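Trainee: Here it is, the structure, as structure tokens.
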Amino acid sequence: MKRDGATISLWQETAQDATFAGANTGDAVFDVLIVGGGITGVTTALLLQKAGKQCLVAEAQNLCFGTTGGTTAHINTFLDTSYDMIRSGFGADAARLIAGATNRSRDLFQQHVEDYRIDCGFEEKDAYLYAVEEKQVAELDKIYTSSREAGVAVEYVDRIPVPVPFLKAIVYRRQAQVHPTRYVQALGKAFEALGGTIFENCPVESVDKKGDLLHVKTGQGVLMAKALVYATHIPPGINLLHFRNAPYRSYAIAVTLNEGVYPNALAYDMFDPYHYYRTQNIDGTNYLIVGGEDHKTAHEANTEACFNKLVAHVRQLFDVAAVTHRWSSQYFEPADGLAYIGHLPGNPDNVYVATGYGGNGITYSHIAAITLTDLLTKGESEYADLFRPERMKPVAGFEAFVKENADVVTQFVAKRISAEKISGFAEIAPGEGRLVSYEGERIAVYKDESGKIYALNPVCTHAKCVVDWNGAEKSWDCPCHGARYDLDGNVLTGPARKNLQRIELEDLAKK
Ligand code: FES
């Protein structure tokens, strides 16, 4: 299984060897074409197919290539946006509605695992949130109270499952965890068994409305559909949603232990960014999975250091035998704290989207699938207003979000200036990428271990920001809306659709 970076996630390495038939569709008209074969796309496709719609999933690479293959797969009834924040921004009813939606998400996972007998390590677990500093205690109390008011089962506890001294802790019962790639691959098979079609290696290049139909130009020809869902994490094109979602990177490692007890629960501290812990048994081996060290995409000069900090953190707490896997992945933080699910602004009525999941992508994937299925089969959903992508709600936190985006511009300019001071390739170490100045031109240069140079125009093809080097994933990442490119400039993740322009070495020599 391929993924969108150089590191190999635990889920990627232990995925099943699944292929999907993707039969010739002729000139069939699909009821719904779903763009993106991650957990949101495949789950939505399955629910719609079950509801009688004829669906096709078009995935640019392979299933779980994006963040689904790099998640840590926590299924929660609480979100990064706490219930007190939801209540203050959207009201008490909204908090209760979202609490109900998170419960439905978990139940849908369980139902799928039972219905399709999926061997994917799905287990119910308790989830502990704990304060280790005095100032975190008041925050924890607020989270406790607002969770109960929203109808979520939570209680104070005096023990937590990780060896961390703490001041106060709460536990949410009946949370869950899953092996995400095995789960999604099995859902894909169930979808195919119901008559659905999955096309892998099928990038969508453009969508045109002709009459009532959408003509979708793809790498495998033109496909026709009555409706389309972008389940691509962030939609392509230039859209309102690119200004309401900020891209972030998160880091995870899997370790085995010499001694000590693997936590039999999910656990979270309250730092910003926070650390999270859980254990997954895969084919008889226990792995402790720890995540954290999040930062805005292309806002960290040394991404390797994020892994090193995470490893040092885990070694302080546990007797680590081996760090078996390390990987990073991307998520999008929504401006007002809630996901955007529904009609894609600026597009025909029959084009939908799900994005802005924050750090709760696995939980939101099934909320999105439920919401989109209702919208596409009944024309309404109880969650439609809450997650409506057109909403404009400047609530607490929005001002900080706008400031954060302003930082992108500031940092972007600064990086250009410093890059131009770099004079040549000789300064670039093997295995390193850098923005360099070459006779007045900015270029993105990577030197591989053998000294081979890969040179690219660093201007992002989405909206012309300048990409920056991500050493841990060996990718070029865009700070503005999160597009990412590989060493050859090929798009790894949207919203860009076009590759970075390559600069041939002979052209460089001529300059
Ligand atoms: Fe929008 Fe690069 S992702 S400019």
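Trainee: Condition first: assigned to a strand (DSSP E or B), of a type in the set (D, E, K, R) and touching a helix residue (DSSP H, G or I) at 6+ places or on another chain (Cβ under 9 Å). Now tell me which residues in the range 139-182 satisfy that. Step through it out loud before you land on a result.
Mentor: Kept after step one, since they are assigned to a strand (DSSP E or B), are these residues of the range 139-182: 154-157, 168-177.
Pick out the ones that are also of a type in the set (D, E, K, R) and you get 155, 168, 173-174.
Residues satisfying the conditions are 155, 168, 174.
Trainee: Moving on to the next point. Hey, among 45, 21, 6, which residue is assigned to a loop (DSSP other than H, G, I, E, B), farther than 30 Å from residue 269 by Cα and either more than 16 Å from the chain's Cα centre (by Cα) or not aromatic (Phe, Trp, Tyr) (or both)?
Mentor: Values: 45 fails: assigned to a loop (DSSP other than H, G, I, E, B); 6 fails: farther than 30 Å from residue 269 by Cα.
None of the other options fit; the residue is 21.
Trainee: Just wondering, is there one or more residues in the range 422-429 that are over 23 Å from residue 334 (Cα atoms) and either in contact with an Asp or Glu (Cβ under 6 Å, 6 or more places away or on another chain) or within 16 Å of the ligand (Cβ to nearest atom) (or both)? Spell out the reasoning first.
Mentor: The first filter runs over the range 422-429 and keeps only residues over 23 Å from residue 334 (Cα atoms), leaving 422-429.
Filter once more, keeping what is either in contact with an Asp or Glu (Cβ under 6 Å, 6 or more places away or on another chain) or within 16 Å of the ligand (Cβ to nearest atom) (or both): none.
No: the range 422-429 contains no residue that is over 23 Å from residue 334 (Cα atoms) and either in contact with an Asp or Glu (Cβ under 6 Å, 6 or more places away or on another chain) or within 16 Å of the ligand (Cβ to nearest atom) (or both).
Trainee: Please enumerate the residues belonging to the range 226-250 that are modelled with pLDDT of 95 or more, within 15 Å of the ligand (Cβ to nearest atom) and polar (S, T, N, Q).
Mentor: 232
Trainee: Six or more apart or on different chains, Cβ under 7 Å: which pairs go from a residue in the range 358-372 that's farther than 13 Å from residue 98 by Cβ to one that's of a type in the set (D, E, K, R)? Could you list them?
Mentor: 359/80
Trainee: Can I ask one more? Could you give every pair whose Cβ atoms fall below 7 Å, whose first residue belongs to the range 198-217 and is on the phi > 0 side of the Ramachandran plot, and whose second residue is part of a loop (DSSP other than H, G, I, E, B) and surrounded by fewer than 14 Cβ atoms within 10 Å (Cβ to Cβ), counting only separations of at least 6 or pairs across chains?
Mentor: 201/219
Trainee: Could you list, ordered by first residue, the pairs with Cβ atoms under 7 Å in which the first is in the range 140-158 and among the polar types (S, T, N, Q) and the second is at pLDDT 95 or above and in a strand (DSSP E or B), at least 6 apart or interchain?
Mentor: Sorted first by the residue in the range 140-158, then by its partner, the pairs are 147/154.
Trainee: Right, here's the next one. Could you tell me how many of the residues in the range 493-506 are within 12 Å of the ligand (Cβ to nearest atom) and either surrounded by fewer than 24 Cβ atoms within 10 Å (Cβ to Cβ) or part of a loop (DSSP other than H, G, I, E, B) (or both)? Break it down into steps so the answer makes sense when it comes.
Mentor: Taking the range 493-506 as the starting set, the residues that turn out to be within 12 Å of the ligand (Cβ to nearest atom) are 493-498, 500.
Still in the running and either surrounded by fewer than 24 Cβ atoms within 10 Å (Cβ to Cβ) or part of a loop (DSSP other than H, G, I, E, B) (or both): 494-498, 500.
Qualifying residue count, the range 493-506: 6.
Trainee: Among the residues of the range 138-197 satisfying the criterion of being polar (S, T, N, Q) and surrounded by 15 or more Cβ atoms within 10 Å (Cβ to Cβ), which is nearest to the chain's Cα centre (by Cα)? Before you say what the answer is, go through the steps one by one.
Mentor: Filtering the range 138-197 down to residues polar (S, T, N, Q) leaves 145-147, 175, 177, 181, 185, 197.
Filter once more, keeping what is surrounded by 15 or more Cβ atoms within 10 Å (Cβ to Cβ): 146-147, 175, 177, 181, 185, 197.
Values: 146: 27, 147: 25, 175: 20, 177: 16, 181: 13, 185: 17, 197: 24 Å.
Filtering the range 138-197 for residues that are polar (S, T, N, Q) and surrounded by 15 or more Cβ atoms within 10 Å (Cβ to Cβ), the one nearest to the chain's Cα centre (by Cα) comes out as 181.
Trainee: Could you list, in sequence order, the residues of the range 382-393 that are in contact with a strand residue (DSSP E or B) (Cβ under 8 Å, 6 or more places away or on another chain) and crowded, with 19+ Cβ neighbours inside 10 Å?
Mentor: Result: 383, 387, 389.
Trainee: Cβ-Cβ under 6 Å, sequence separation 6+ or interchain: first residue in the range 225-248 and farther than 13 Å from residue 342 by Cα and assigned to a strand (DSSP E or B), partner of a type in the set (Phe, Trp, Tyr) and within 12 Å of the ligand (Cβ to nearest atom). Which pairs?
Mentor: Partner pairs satisfying both residue conditions: 245/332; 247/332.
Matching residues to (1) modelled with pLDDT of 50 or more; (2) outside any helix (DSSP H, G or I):
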{"site": "359", "(1), (2)": "yes, yes"}
{"site": "367", "(1), (2)": "yes, no"}
{"site": "382", "(1), (2)": "yes, yes"}
{"site": "389", "(1), (2)": "yes, yes"}
{"site": "403", "(1), (2)": "no, no"}
{"site": "406", "(1), (2)": "no, no"}
{"site": "423", "(1), (2)": "yes, yes"}
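Trainee: Here are 171, 132, 162: which of them is touching an Asp or Glu at 6+ places or on another chain (Cβ under 7 Å) and under 23 Å from residue 316 (Cα atoms)?
Mentor: Values: 171 fails: under 23 Å from residue 316 (Cα atoms); 162 fails: touching an Asp or Glu at 6+ places or on another chain (Cβ under 7 Å).
From the options 171, 132, 162, the qualifying one is 132.
Trainee: Continuing with this model, one more query. What's the total number of residues in the range 373-387 that are among the aliphatic types (A, V, I, L, M) and under 18 Å from residue 49 (Cβ atoms)? Reasoning before the result, please.
Mentor: The initial filter retains those residues of the range 373-387 that are among the aliphatic types (A, V, I, L, M), namely 375-376, 384, 386.
This time we only want the ones that are under 18 Å from residue 49 (Cβ atoms), so: 375-376.
So the answer is 2.
Trainee: Can you tell me how many residues in the range 62-121 are within 17 Å of the chain's Cα centre (by Cα), farther than 17 Å from residue 152 by Cα and not in a helix (DSSP H, G or I)?
Mentor: Residues meeting the conditions: 9.
Trainee: Checking residue 99 against (1) touching a Phe, Trp or Tyr at 6+ places or on another chain (Cβ under 9 Å); (2) more than 19 Å from residue 361 (Cβ to Cβ): exactly one of these is not met. Which one?
Mentor: (2)
Trainee: Any idea which residue in the range 251-262 is surrounded by the most Cβ atoms within 10 Å (Cβ to Cβ), counting only those that are on the phi < 0 side of the Ramachandran plot and either at pLDDT below 95 or out of contact with any Leu (no Cβ under 7 Å at 6 or more places or on another chain) (or both)? Even if it seems obvious, please write down each step before you answer.
Mentor: Of all residues in the range 251-262, those on the phi < 0 side of the Ramachandran plot come to 251-259, 261-262.
Within this subset, residues satisfying the condition of being either at pLDDT below 95 or out of contact with any Leu (no Cβ under 7 Å at 6 or more places or on another chain) (or both) are 252, 256, 258-259, 261.
Values: 252: 25, 256: 15, 258: 9, 259: 7, 261: 12.
Filtering first and then ranking leaves 252.
Trainee: Looking only at the range 434-470, count how many residues are crowded, with 18+ Cβ neighbours inside 10 Å, more than 16 Å from the ligand (Cβ to nearest atom) and part of a loop (DSSP other than H, G, I, E, B).
Mentor: Number of matching residues: 0.
The values are calculated or read from the model by the stated rules, or taken from the named source; none is laboratory data. Since we're looking at a predicted model, the values are computed, not measured. Note: ideal-geometry Cβ built from the backbone for every residue, glycine included; neighbour counts use all protein chains shown.
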